[in-house]
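**Q** Structure below; questions to follow.
Values in this text are rule-based calculations from the coordinates and carry no lab data. All of these numbers come straight from a predicted model, not from anything done at the bench. Cβ sites come from the backbone with ideal geometry, for glycine too, and all protein chains shown count toward neighbours.
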Amino acid sequence: MDTRAAMQPTPRVLDTAARPASVDIVIPVLNEERALPGCVRTLAAFLDAGFPLPWRITIVDNGSTDATWPVATALAGEHEHVHARRIEVRGRGAALRAAWRESPADIVAYMDVDLSTALDALFPLVAAVASGHSEIAIGTRLGRGARIRRSARRELISRGYNALLRQGFGAGFSDAQCGFKAARARVVRPLMDKVEDDGWFFDTELLLLAEHNGLRVHEVPVDWVEDVDSRVQVVRTAYDDLKGLARVAWTIAAGRGRAPVAARPEPVPWHPEAMPVPAHSAGAVRGGTARSQGAFFLLFSVVLYALVYWLLREFQGPATANVCALVLAGAVTAVLRLRAVLFVVVNHALAAAALNLLPPGAGRPAEAGAVVAAYCLLLVIRVTASPLTRD
Ligand SMILES: Nc1nc2c(ncn2[C@@H]2O[C@H](COP(=O)(O)OP(=O)(O)O)[C@@H](O)[C@H]2O)c(=O)[nH]1
Ligand SMILES: [Mg+2]
């Protein structure tokens, strides 16, 4: 056998057996006249220098009031692989949705104009999708192997937010908000039809729904240097994110999170003479859409509910505090596939009954104890009634 010939590189990373996958790298921009030329020229030079797949860059502007649009069209005129689009709907999510929906490429990607993420992560990102291994790939600044330079404030917010996603929603990804992602176009389009957010929450919503629909999200640890020229209003964005989370929890709990995407086939052995462990005796079956949730989420849900109720009871009546605590704990109930409406109605009945049992003027600890006990009772009923899996 000619081993040297076998070691010759083949120039193709295949999306299908017939041709290499093409990649569209979207750059969403809002008032970026200063940063845009440097971004596009650096990225185009990097890709020209040997990116192994056919590519194009698409600049998407919506709402810029400076010279971003003329700069974008000039750059498109300069380089045949650079395109510029302007859309009417405001928000970064809307820009990405429009560009990804109409792209002719097999793989759609995006990155921020400031090139905060080192470009050496681009091929690993795209390759995970091009190879068929994953449907979505994301850069992570929080996963093992990432190296970052970032302000303490953004780091803290980012860690807190992603911990909430993992603990509250059972999210499997470590960094929802890194501006560096790629996806298989034909898979992500029906998924995007389910994504309602047009702003910063777009990424999180897409990833949560992707996992809910059994898609694999691959993570690439990145080198990342924060650029302080930011359009993010931190408080406003945090508020929108929490609102978005409550909405997604509700959508999933009500069974409306399913998108018409082809489910990943069950894993099968590759070896032709494999002797796979029989399904009935497999002690551990993980992943896919039948993820076992474990008692941790139950415990977390109860603690979260109790904490929120306790804090809000300082300013609000029992009914409002209860609804707010439920909305937050709803994130967890969504994971457990509790039907949201039924859950709220039964909880109200149980909480009201528990409060009725208390003597007048029993005090806040007794009251909180009673409603938390009612909440726990509901969880016990739910867990006893069916196993802790989501479909
Ligand atoms: N098209 C579009 N792009 C936006 C919008 N808001 C932010 N961007 C872009 O999104 C990217 C990330 O924004 P940036 O302010 O740097 O966010 P940060 O890195 O998280 O602070 C940049 O390329 C921005 O120009 C928007 O409303 N529309
Ligand atoms: Mg930035």
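**Q** Just rank MET111, MET192, MET275, fewest to most, by other beta-carbon atoms within 10 angstrom.
**A** Ranked by crowding around the Cβ, least crowded first: MET275, MET192, MET111.
**Q** Whose amide H sits under 5 Å from the amide H of HIS83, counting only residues 5 or more places off or on another chain, with H placed in the peptide plane?
**A** Result for HIS83 returns ILE57, THR58, ILE59.
**Q** Report the chymotrypsin sites (Phe, Trp or Tyr not before Pro) located in region 201-270 that are in a DSSP loop and have at most 13 other Cβ atoms inside 10 Å of their Cβ, or state none.
**A** TRP270
**Q** Rounded to whole Hz and in sequence order, give me ³J(HN,Hα) for region 359-375 from the Karplus expression 6.51 cos²θ - 1.76 cosθ + 1.60, θ = phi - 60°, writing x for Gly and Pro.
**A** x, x, x, 5, x, 5, x, 5, 5, 4, x, 5, 6, 5, 4, 5, 4
**Q** Region 14-253: D in µm²/s via Stokes-Einstein (Kirkwood Rh, Cα pairs, 25 °C, 0.890 mPa s)?
**A** 136 µm²/s
**Q** Please report, in Å, the Rg and the Dmax of region 30-140, where both are computed over Cα atoms only.
**A** In Å, with Rg to one decimal and Dmax whole: 13.9, 41.
**Q** Tally Lys/Arg at +1 and Asp/Glu at -1 over every other residue whose Cβ is under 12 Å from the Cβ of ARG159; what's the total?
**A** My count for the surroundings of ARG159 gives +3.
**Q** If amide H atoms are built 1.01 Å from N in the plane of the peptide, which residues on other chains or at least 5 residues away come under 5 Å of the amide H of GLU219?
**A** Those qualifying (amide H under 5 Å, at least 5 residues apart or on another chain) are ILE138.
**Q** Using the Karplus curve 6.51 cos²θ - 1.76 cosθ + 1.60 with θ = phi - 60°, work out ³J(HN,Hα) for each residue of region 44-60 in order, rounded to whole Hz, and write x for Gly and Pro.
**A** So the Karplus estimates, Gly and Pro as x, are 5, 5, 4, 6, 4, 6, x, 5, x, 10, x, 9, 8, 10, 10, 8, 10 Hz.
**Q** Work through the residues other than LEU75 whose Cβ is under 13 Å from its Cβ and net out their charges, Lys, Arg +1 and Asp, Glu -1.
**A** That works out to -2.
**Q** For a quick size check, give me the Cα extents of region 94-174 along its three principal axes, largest first, whole Å.
**A** Its Cα atoms span 39, 29, 28 Å along the three principal axes.
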